[in-house]
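Down below is the structure, laid out as structure tokens.
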Amino acid sequence: MSTVTTCFAELREHDDRYVSNLTPQRYQGLMEPHELVLDLDADAGGPGTFLFLRGWIYPSMPASTSRCPSSTPALRAAGRSTSGTRADAGFRRASSVGFPSGKDKTVVIDLAGMFPTHDHHLRLRTNMQIYWDEAFVGG
């Protein structure tokens, strides 16, 4: 599984420079499983804090190829999940999150209470072809 770890340097502004280390699978819109790990600041996880992720998703498989992936578990689109970290046990599943439905869209993730320790890493995992351009925490 590919991993990109960032402390927002690559995602600091909307500049059409996308975080990506994706390896294509056989069908359009599906990649090898990959994850983006964000190192959020100490305020993330407080009441009323949200992560705003701006990016886009490559269109999924054309109709002519959609039948095979739907019947092959390894080729199904796997949506994304977010995870806060625990210092003693690695990542734990926190919630499922949607994806940017089209070009240049924003996904909002409620961070309130997500981090049980002082470690504020967040992991986004999927096999969908998603390109992230900007991320910031706000309230």
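Values in this text are rule-based calculations from the coordinates and carry no lab data. This one's a predicted model, so the numbers in the text were calculated from it and none came from an experiment. Because the Cβ atoms are built from the backbone with ideal geometry, glycine has one as well, and the counts that use them run over all protein chains shown.
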message: Could you check region 113-139 and list, in sequence order, the residues that are assigned to a loop (DSSP other than H, G, I, E, B) and in contact with a strand residue (DSSP E or B) (Cβ under 8 Å, 6 or more places away or on another chain)?
response: MET114, PHE115, PRO116, THR117, ASP119, HIS120, GLN129, GLY139
task: Being β-branched (Val, Ile, Thr) and either part of a strand (DSSP E or B) or at positive phi (or both) is the filter here, so list the residues in region 15-54 that pass it.
output: VAL19, VAL37
